[in-house]
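Have a look at this one before I ask anything.
The values are calculated or read from the model by the stated rules, or taken from the named source; none is laboratory data. Bear in mind that the values here come from a model prediction, so they are computed numbers and not experimental data. Note that we place each Cβ from the backbone using ideal geometry, even for glycine, and neighbour counts take in every protein chain shown. Calculation scope for accessible area: heavy atoms of the full protein, side chains included, ligands and nucleic acids excluded. Shrake-Rupley method; radii C 1.70, N 1.55, O 1.52, S 1.80 Å.
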Amino acid sequence: MSLSVRPIVGRRAKISALGTYVPPQVLTNKDLEKMVDTNDQWIVERTGIKERHVLAAGKGVSDICVEAAKKCLAARGIEPSEVEVIIVGTVTPDMMFPSTACLVQDKIGAKGAWGFDVSAGCSGFVFALQAGVKLVESGAQSKVLVCGADANTRMTDYTDRATCVLFGDGGGAVLIEPAEEGEIGMIDFVHEIDGSGGVSLNLPAGGSLNPPTHETIDKKMHFIHQDGQAVYKFAVRKMAEATTKLLERNGVTGADLGCFIPHQANKRIITSTADRLGMPADRVIINIEKYGNTSAGTIPLAMETAVEEGKLKKGDLVLIAAVGAGFTVGTALLRWEI
Ligand SMILES: CC(C)(COP(=O)(O)OP(=O)(O)OC[C@H]1O[C@@H](n2cnc3c(N)ncnc32)[C@H](O)[C@@H]1OP(=O)(O)O)[C@@H](O)C(=O)NCCC(=O)NCCS
């Protein structure tokens with residue numbers, strides 16, 4: 001036998017390109033007033049949301065990923081055939097299988113890539129990002145496309161006013177590559193899962209436990225079920241706890257950050273976390289008014305907003321953080337190198 005054990009190598013990884021996509025159709029608070037007993041003032045005051053985007057019939061979440069991926073690869077100037085891995089964070093895949101990663105691989109023509117999906121609710125992008133980063137840091141891969149996207153309106157019960165006002169469709173993609181000389185890129189992360197929170201936010205039917213039947217349809221088990229207050233309390237506590245731990249162990253404070261890019265579930269959750277971190281409001285990225293909660297899509301969409309608003313520039317220290325169904329908690333500290 002001539003087994004030659006490959007040495008474990010380590011190198012820095014960075015986000016080298018970003019692309020995002022939201023479908024063109026918009027659902028405003030005024031539109032929702034006609035569908036359910038709600039009003040614009042309640043939605044804006046309690047959540048910060050004014051409108052959200054809705055994916056057209058006949059499209060799936062893979063189509064959001066494809067549009068975002070094309071923009072991302074064009075921004076970097078590389079061909080889809082150069083992508084080595086595709087990782088998709090989503091809880092609204094086109095179908096149970098094949099994975100959305102497979103569908104995206106085929107649609108963009110990423111011949112030669114492998115990949116998989118990550119199911120982590122609203123932390124899906126942050127978890128997928130970390131998986132991609134570790135593949136690059138290990139030396140195993142050098143071009144990983146990480147998508148975070150959800151088509152939440154497909155799973156939304158438009159008779160449940162406490163839930164239907166929150167969600168929208170959209171997402172984004174980033175490319176992970178080795179950092180160049182002098183660059184820092186990805187620094188550290190704190191992730192957690194707490195399955196005891198599954199009862200507070202779930203989509204009960206359609207899987208192996210409750211396969212689709214007339215009964216599951218009649219009981220609306222194919223829609224998002226949420227105990228809003230339980231999720232809210234967990235999110236407020238965990239966003240602050242995990243981000244504080246991450247910053248402390250890396251010797252930085254909110255004042256050192258170029259910007260804070262949080263998951264966009266509720267404006268009040270974001271401002272409460274930002275206050276705990278001592279972040280000035282102008283360095284906290286909020287675009288929830290335009291998109292609502294796009295689950296795994298919010299962080300790449302907020303990265304795009306940060307760039308557009310001139311709040312995210314090369315060399316900036318950036319904190320990202322999300323809490324989602326599971327429960328899941330995903331946070332990362334990085335230096336922006338684009
Ligand atoms: C859902 C959420 C916005 C509800 O806000 P809230 O301040 O907790 O509101 P409550 O549930 O206490 O409801 C307050 C009142 O508003 C009413 N209400 C709920 N939704 C309403 C709506 N869309 N329009 C008008 N009134 C509404 C409730 O029925 C309740 O009325 P009552 O006092 O007569 O019973 C909030 O709990 C939340 O954002 N939770 C976290 C959601 C989340 O982050 N999910 C994704 C996880 S990543």
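Kindly establish whether Gly172 is within 22 Å of Val88 (Cβ to Cβ) and either out of contact with any Cys (no Cβ under 6 Å at 6 or more places or on another chain) or open to solvent by less than 20 Å² (accessible area, probe 1.4 Å) (or both).
The answer is yes for Gly172.
Give the number of residues within region 73-103 that are open to solvent by less than 70 Å² (accessible area, probe 1.4 Å) and either assigned to a loop (DSSP other than H, G, I, E, B) or on the phi > 0 side of the Ramachandran plot (or both).
11
Something else about it: For Cys147, indicate whether it is within 30 Å of Glu51 (Cα to Cα) and either away from the ligand (no atom under 16 Å from the Cβ) or free of Cβ contacts under 8 Å to residues at least 40 places away in the same chain (or both).
Spelling it out, Cys147 is indeed within 30 Å of Glu51 (Cα to Cα) and either away from the ligand (no atom under 16 Å from the Cβ) or free of Cβ contacts under 8 Å to residues at least 40 places away in the same chain (or both).
Given the criteria touching a residue at least 12 places away in the same chain (Cβ under 8 Å), more than 16 Å from the ligand (Cβ to nearest atom) and in a loop (DSSP other than H, G, I, E, B), does Val252 qualify?
It is true that Val252 is touching a residue at least 12 places away in the same chain (Cβ under 8 Å), more than 16 Å from the ligand (Cβ to nearest atom) and in a loop (DSSP other than H, G, I, E, B).
Tally up the residues in region 107-118 that are in contact with a strand residue (DSSP E or B) (Cβ under 8 Å, 6 or more places away or on another chain) and surrounded by fewer than 22 Cβ atoms within 10 Å (Cβ to Cβ), please.
Matching residues across region 107-118 total 2.
Which of the residues belonging to region 24-43 are charged (D, E, K, R) and in contact (Cβ under 8 Å) with a residue 24 or more places away in the chain?
The one that is charged (D, E, K, R) and in contact (Cβ under 8 Å) with a residue 24 or more places away in the chain: Asp37.
List the number of the failed condition for Glu289; all other conditions in (1) within 16 Å of the ligand (Cβ to nearest atom); (2) open to solvent by 40 Å² or more (accessible area, probe 1.4 Å); (3) free of Cβ contacts under 8 Å to residues at least 24 places away in the same chain; (4) more than 14 Å from Met239 (Cβ to Cβ) hold.
Just one mismatch for Glu289, condition (3).
Right, another one. If you check Arg276, Arg237, Arg268, which single one turns out to be free of Cβ contacts under 8 Å to residues at least 12 places away in the same chain and either within 16 Å of the ligand (Cβ to nearest atom) or touching a helix residue (DSSP H, G or I) at 6+ places or on another chain (Cβ under 6 Å) (or both)?
Arg237
Identify all residues within region 7-32 that are more than 15 Å from Phe167 (Cα to Cα) and either within 10 Å of the ligand (Cβ to nearest atom) or β-branched (Val, Ile, Thr) (or both); write none if there are none.
Of everything in region 7-32, those that are more than 15 Å from Phe167 (Cα to Cα) and either within 10 Å of the ligand (Cβ to nearest atom) or β-branched (Val, Ile, Thr) (or both) turn out to be Ile8, Val9, Ile15, Thr20.
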